[in-house]
Structure formats: C-alpha cells, structure tokens
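Read through the structure below, which is laid out as structure tokens, and then see the notes.
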Amino acid sequence: MEPRFSCTACGKCCHGWLPLTLKDAVAHAGRFPLAMVWTPVRSNAKSYDLATRLGQTVRLPNRKTVAVLVQPTAYLPPSYPCPELRADNLCGIHADKPSRCRTMPFYPYRDEKDQADLLIPRKGWQCDVSAAAPVVYSNHAILDRADFDRERGELLEQAPVMRTYVDYILKYMPWTLNDLAKMAAKPTGGNLVTSLSSFLTATRRPDAKALAAAQAPLMHALAERTRNDPALVDYHRSYSGWAKEMDSLARRP
C-alpha cells in the first residue's frame with residue numbers, strides 16, 4: 001500500500017526543537033532562540049554516507065570514525081510551542097516559514113529511500129494517513145519533492161561552513177571528542193548542544209553583531225520564563241549564559 005499523508009494543522013509537531021538550515025536560522029534570528037545541535041552518526045548507520053556529505057567525519061579517541069551533523073536549531077523545551085504557532089494551531093509565518101516546516105514529514109538528513117516510517121504519525125499527532133489523504137511517497141520516492149530538494153540543497157551548501165565549525169570546536173574544546181564518543185556508544189545515540197556564539201566566533205561571520213543583537217532579547221525572555229521551573233533547569237542555565245554571550249557580542253565595536 002502506498003503511504004498517504006496530509007497535515008491536519010493539529011500543531012503537535014510545532015513544539016520543542018526545530019532543526020533549521022543555516023539560511024533559515026539567520027533569516028529567523030529574531031524569532032527563534034538558536035543553538036547548535038551535534039549528532040554523531042555511526043559508520044554502520046543507513047544514513048552514514050549522506051551524513052559524511054552533510055557534516056564532518058571525526059575520528060574518536062577509541063579510533064572509530066563517525067560522521068558529525070551540526071544543525072542550527074530553534075532551541076525550545078519539548079513542551080514549548082513554536083513562537084509563531086497561533087491559537088488556532090496555524091502558522092503565523094506560513095508564507096515565510098522555514099524549510100524544515102515545509103518539508104515535513106520528510107527529512108533530508110536521510111536518504112530518500114528511507115523515508116517511509118516518517119509518514120507514521122507519532123503518538124498524539126493527528127496527521128491524516130487515511131485513504132482520503134493523498135499519496136505522497138511511492139516506490140521509495142517522494143512525489144512532490146520541491147521542498148525536500150530545496151532543504152537538501154541548503155544543507156549541502158552549508159556543509160563546508162559546518163565542517164569549519166566542527167574543526168574549530170575540536171581544536172579549542174578537545175574534550176568534545178569524549179562527549180561525542182559517549183553518545184556514539186549509546187544504542188539510542190544522543191545530541192550535544194553548543195552555543196550560537198561559538199559558531200559565530202568560529203566562522204567569523206560579518207553579521208555576527210546583528211545576529212547577536214537579534215538573539216539577546218529572546219534569550220533574556222526565555223531565561224526569565226524558565227527561571228522557576230525545576231523541570232527546565234538545564235534550559236534556564238543555557239538561556240542565561242547565552243543571553244550574556246549575545247549581549248557581549250552585540251556590544252563589540
């Protein structure tokens with residue numbers, strides 16, 4: 001049976017982390033609190049070859065090699081809705097929404113032939129996969145692929161910048177290798193989160209000051225919002241520290 005899928009605007013997928021392309025992260029820096037999320041991909045994973053094209057290959061202390069993907073990410077707690085999700089569960093920036101939102105439920109960090117399971121709604125999601133929904137995937141191919149190709153293209157285009165960033169962090173924060181090795185050893189994998197300021201410093205972006213100025217009020221607001229929530233201590237700590245970093249970058253001459 002060919003997979004069918006249609007969005008019902010339930011808003012369930014519009015919560016928590018939102019991986020972005022670098023292009024979208026920059027364009028929406030005044031909307032989303034940004035962090036850099038690292039994901040090691042083991043050499044025996046289906047997506048390993050693609051991950052080597054989109055990320056950086058890294059040799060771990062145990063001599064194993066992984067591909068490391070780094071995603072600019074709207075860094076929100078799982079319970080927090082997207083700041084642009086309206087009360088009626090529709091997108092407040094639909095005409096200008098990020099590529100990640102347009103491509104859903106497909107995911108360009110995977111090969112096209114390995115997308116079928118992404119069409120199965122997660123628990124609580126109200127996606128329409130009934131016979132009334134359109135066929136969107138056939139013979140391991142995405143039928144309406146314009147958004148998928150656009151996002152994949154942006155990821156390939158940014159890959160050299162992400163490799164520069166990985167090399168910088170591993171040079172100046174060598175303990176990161178041990179963190180990646182621990183995550184790669186877990187059956188379920190894991191993620192490492194680093195700050196946007198480290199990325200701006202490593203890549204020497206000419207717009208770093210403007211991006212920091214856009215991020216600072218978001219970080220301050222979220223630091224305050226998460227201040228007294230014991231379940232969000234780690235988020236509060238991150239937001240508080242990143243707010244100071246953004247303030248400092250924004251004040252640089």
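Of note:
- If the segment from E157 to A132 were pulled out straight at 0.36 nm per residue, it would be longer than the present Cα-Cα gap by 5.3 nm.
- Cysteines in the chain lacking a second Cys C-beta under 4.7 Å: C7, C10, C13, C91, C101, C127
- Under 30 Å from K64, Cα to Cα: lysines that are on another chain or at least 8 residues apart: K46, K113, K171, K182, K186
- Label-point separation, M1 to N139 (7 Å along Cα→Cβ), nm: 2.2 nm
- Candidate lysines - alpha carbon under 21 Å from K209, same-chain residues fewer than 8 apart omitted: K23, K244
- Phi-based couplings in Hz for segment 196-201 (Karplus 6.51, -1.76, 1.60; Gly and Pro marked x): 5, 4, 5, 5, 5, 5
- Derived scalar couplings ³J(HN,Hα) [segment 58-69; Karplus, 6.51 cos²θ - 1.76 cosθ + 1.60; whole Hz; x for Gly, Pro]: 9, 8, 7, x, 7, 6, 7, 10, 10, 9, 10, 9
- Segment 78-168 shape via C-alpha gyration tensor axes, a/c threshold 1.5: oblate
- Cα shape, segment 145-253, gyration tensor, a/c 1.5 rule: rounded
- Mean shadow area of segment 206-253, taken as a quarter of the surface of its Cα convex hull (nm²): 3.0 nm²
- The chain shape via C-alpha gyration tensor axes, a/c threshold 1.5: oblate
- Contact order relative to length of segment 206-253, as percent, for alpha carbon pairs under 8 angstrom and 6 or more apart: 53 percent
- Using a Förster distance of 45 Å, the FRET efficiency for A231-T201 (Cβ separation, nearest 0.05): 0.90
- Going by neighbour counts of Cβ atoms within 10 Å, the residues V68, V26 line up, fewest first, as V26, V68.
- Amide H contacts for V193 (H built 1.01 Å from N in the peptide plane; partners 5 or more residues away or on another chain; cut-off under 5 Å): W38.
- Computed extension length for A45-N178: 45.9 nm, one decimal, from 0.36 nm per residue of separation with the Cα-Cα distance subtracted.
- Hz values of 3J(HN,Hα) by residue in segment 85-90 - Karplus curve (6.51, -1.76, 1.60), Gly and Pro given as x: 7, 7, 4, 8, 6, 9
- For segment 61-85 versus segment 159-183, the gap between their alpha-carbon centres in whole angstrom: 14 Å
Bear in mind these aren't lab numbers, they're just calculated from the coordinates by the rules spelled out. These numbers come from a predicted model, not from an experiment. Ideal geometry is used to build each Cβ from the backbone, glycine not excepted, and the neighbour counts take in all protein chains shown.
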